[in-house]
Each structure stands twice: as C-alpha cells, then as structure tokens.
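Undergrad: Quick one: this structure, given as structure tokens, is what I'll be asking you about.
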Amino acid sequence: MHRIVVIGLGMAVKPHALALRDLAARVEVAAGFSRSADRRAAFKSTYGFPVSDDLDALLADRSIDTAMILTPPWAHGELARRCAAAGKHVLLEKPIEATLERAVETVEACEKAGVKLAIVFQHRFRLGALKLAELIASGRLGRLMSCSAQVRWWRGPDYFAQPGRGMKARDGGGVLLTQAIHTLDLFLSLAGPVAEVSAFHANSGLRAIDTEDVAAAALRFESGAIGTIDATSTAYPGYPERIEIAGDKGSAVLEIERLRVQLMDGTVIEEGGTGGGGGGADPMAFDHAANTRLLADFLDAIDRNRAPKTNGRSALHVHRLIAAMLASGGRPVGVGA
C-alpha cells in the first residue's frame, strides 16, 4: 500500500481522483493540497478524500511515499524537486515544465534524488494505442515509411475565461505544449524519435492570448520515415485526434481510442473503445481508464524498481520536438537526443 499526496486540485484533478478510487487497494490518498480553500472543499466533498493546507507537513510525513503534481507548468519543477528531496516518487501532470531547459532540470533532479518520475501521458495507455505499439514492436507493420499526427481541437471562450489560460506566464505555451502534447507524445512513442523538423506556428487572433493556437510541421524521423503534424485549437467544434502510420507491410489509423490496421496479407485488426478525446468545448470529456492504467504502471515501477513507461527521459522527446517546432520558422531544425 502506497500513500500519496495530490498537489493541485484544479480542472485536471477529476480523472486522477477517479483513478485513485479505482486503485484504492494499492494506494491511499493521504491528502489533497491546494492553497484555495474552495478547491480543497470541492475535492473533499466530490471524492471523499482528506485535504490539507500545509504542504510542508505533508512533505515531512514519512508515511507518504508518492506525490501527484497537478499544478500549472511553471510550478512543476520546484514542486518536483521538493517532493524528490523529501524522498517521494513523483507522478507529474504534463508538461514536465514550461520550457525545455526547465524540463531537463526537473528530470535530472529526480534522477539525482533516486526517485521515480512518471509524466501524465495517459494516451499511451489507451487500448488502441497499446495494441498499435505491440504491432509495431513485433514488426507486423514492417518498416515505417510515413507517419502523421492530426490534432484539430476546439477551445471556446469559457476555457480561455480562466485568468492566464493560453498565456506564456501561466501555461508556458499554446496548442503544442498544452493541448497537442498528449497526442504528440503518443505519436513519438509509436513512430520513434524525430531527427529534423521544419515547422510554422501562428496565433489566430481569435483569443486574447500570447501563444500559438495553430501549428504545422514536416518531419524526418531517425528511422528514415517522414511525416507531418497538424495541430490547432481553433477547429470548431473539435474533431477526434488522429495518428496514421504506413509501413511496408501495412497501415494503421488510430483515432482517439479506436484502432484499425490493414496488413498486406489481408489481415484486418480492430481495437479500442468509443470514448471521447476531450477535443471539444469540454477538455475533460474523456474516459479515465487510461489514467488508471498509467497510475498502476507508476505503482508497479516503484514496487519492481523499474522505470515507469512514461518516465521523464522518454517524455523529453516530445519537449525537444515542440521546442524545435517553435524555433523553426520554416527552416529545418535538428531535434536532438
């Protein structure tokens, strides 16, 4: 049995709280922490978990061995370092941090402290994604040649009404770092690291924000495959995110949780459910089952002393890709290791 503190009780807490309920036999919520009394009260009344307004006391409590951090990005690094210094394993909501440099520092701090660090990239744990990863790893699709990711979402006025939404000072980035990052992380976990990218990004002017809400890129993967990224939060009313992969033995289309694979030997493979992806006006309109699988993997990693599947090092790939896309301006930019 693990004991966990949940730090940050805003919009992102719902799927995590439901996952914690699902795994109550393995993990006990010691407390939910927020500086907001209203959020503490809502968390306690909605999910029945205890709350606290004293983070120092929670970090000093040796019976608490894990921490879940769900705050805005700029606070991630400091909180992760504090938790790691207190000997607590860290499950950190995406992104790792607001900038690539700060993300690297956060990963290195947890490694130095000897604690496990997992990033909340739950898309890797959707059933369709798990099946596709298995098929690619086993060679069923053959050599990958063409790989594309499309995230054509919508975020309406209510979403941006929250102070700081879409601003670098709060979120660190726009559609790439805040919305598309989940699909892009999954994309890289399937297709492999990117060697070079040429990209454009823009602010549509539809919202009073200082980050990009439209982005597109051409990619060259380390494997030799080429591909594209199309990401926006301006596509009303919001469409399912989509990954397409073509190999020399067959092709796959992954749309939210639904996978369809057609192999050249005539085999057709279908997998996945019908859950929403959160691409419309309600960003939390998705099933929490993948969050439960991610949390279970995090706990397994601690128990078995192995790296979590969404460990910090693996999550840096998408941070490096996003940084390269934003730096490109249409010029080819190396993504780096």
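The values are calculated or read from the model by the stated rules, or taken from the named source; none is laboratory data. No experiment lies behind these values; they were computed from the predicted model shown. Please note: Cβ atoms are built from the backbone with ideal geometry, for glycine as well, and neighbour counts cover all protein chains shown.
Undergrad: Against the condition closer than 15 Å to ARG313 by Cβ, out of contact with any Pro (no Cβ under 9 Å at 6 or more places or on another chain) and in contact (Cβ under 8 Å) with a residue 60 or more places away in the chain, how does GLU97 come out, does it pass?
TA: Criteria not met by GLU97.
Undergrad: Please determine whether any residue of region 99-116 is within 30 Å of GLU271 (Cβ to Cβ), touching a Gly at 6+ places or on another chain (Cβ under 7 Å) and either modelled with pLDDT of 95 or more or outside the structural domain of ILE69 (by TED's automatic domain parsing) (or both).
TA: No, the conditions are met nowhere in region 99-116.
Undergrad: What is the one condition in (1) under 20 Å from the mean Cα position of the chain (by Cα); (2) crowded, with 18+ Cβ neighbours inside 10 Å; (3) of a type in the set (A, V, I, L, M) that MET167 does not satisfy?
TA: Of (1) under 20 Å from the mean Cα position of the chain (by Cα); (2) crowded, with 18+ Cβ neighbours inside 10 Å; (3) of a type in the set (A, V, I, L, M), only one is false for MET167: (2).
Undergrad: Hey, another quick one. Evaluate region 266-275: report whether one residue or more is within 23 Å of the chain's Cα centre (by Cα), loosely packed, with under 15 Cβ neighbours inside 10 Å and in contact (Cβ under 8 Å) with a residue 12 or more places away in the chain.
TA: Yes, the conditions are met somewhere in region 266-275.
Undergrad: ALA30 - would you say it is surrounded by 16 or more Cβ atoms within 10 Å (Cβ to Cβ), in contact with a Pro (Cβ under 8 Å, 6 or more places away or on another chain) and modelled with pLDDT of 95 or more?
TA: Answer is yes for this residue.
Undergrad: All but one of (1) assigned by TED's automatic domain parsing to the domain that holds ARG82; (2) buried (at least 21 other Cβ atoms within 10 Å of the Cβ); (3) among the aliphatic types (A, V, I, L, M) hold for LEU141; which doesn't?
TA: (1)
Undergrad: Only one of LEU219, LEU263, LEU177 is touching a strand residue (DSSP E or B) at 6+ places or on another chain (Cβ under 6 Å) and either farther than 15 Å from SER148 by Cβ or not assigned by TED's automatic domain parsing to the domain that holds ALA323 (or both); which?
TA: After applying the criteria, what remains is LEU263.
Undergrad: Working only within region 45-55, note down all residues that are more than 20 Å from ASN291 (Cβ to Cβ) and not in a strand (DSSP E or B).
TA: Within region 45-55, SER45, PRO50, ASP53, ASP54, LEU55 qualify.
Undergrad: If you take the residues in region 192-216 that are out of contact with any Leu (no Cβ under 6 Å at 6 or more places or on another chain) and of a type in the set (A, V, I, L, M), which one is farthest from GLN150 (Cα to Cα)?
TA: Only one residue tops the list, namely ALA208.
Undergrad: Something else now. On the given criteria, is GLU134 closer than 19 Å to ALA290 by Cβ, without any contact (Cβ under 8 Å) to a residue 40 or more places away in the chain and of a type in the set (D, E, K, R)?
TA: yes
Undergrad: Name the residues in region 52-66 that are crowded, with 19+ Cβ neighbours inside 10 Å, in contact with a strand residue (DSSP E or B) (Cβ under 6 Å, 6 or more places away or on another chain) and under 20 Å from ALA37 (Cα atoms), would you?
TA: LEU58, the sole residue that qualifies.
Undergrad: Looking for something closer than 19 Å to ARG306 by Cα, under 17 Å from the mean Cα position of the chain (by Cα) and part of a helix (DSSP H, G or I) - is there at least one such residue anywhere in region 112-121?
TA: Within region 112-121 (the criterion being closer than 19 Å to ARG306 by Cα, under 17 Å from the mean Cα position of the chain (by Cα) and part of a helix (DSSP H, G or I)), the answer is no, since none of the residues qualifies.
Undergrad: Taking the condition aliphatic (A, V, I, L, M), part of a strand (DSSP E or B) and surrounded by fewer than 24 Cβ atoms within 10 Å (Cβ to Cβ), does ALA231 pass?
TA: no
Undergrad: Can I ask one more? Mind checking which residues of region 157-187 are outside any helix (DSSP H, G or I) and within 25 Å of GLU222 (Cβ to Cβ)?
TA: The answer is GLY173, and nothing else.
Undergrad: Consider region 11-40. How many of its residues are among the basic types (Lys, Arg), closer than 20 Å to ALA301 by Cα and in a helix (DSSP H, G or I)?
TA: The qualifying residues number 1.
Undergrad: I'd like to verify a number: residues in region 308-332 that are surrounded by fewer than 19 Cβ atoms within 10 Å (Cβ to Cβ) and aliphatic (A, V, I, L, M), how many?
TA: The number of residues fulfilling the criteria is 1.
Undergrad: Of the conditions (1) crowded, with 16+ Cβ neighbours inside 10 Å; (2) within 15 Å of the chain's Cα centre (by Cα); (3) at pLDDT below 95; (4) not polar (S, T, N, Q), MET284 satisfies every one except a single condition; which number is it?
TA: (1)
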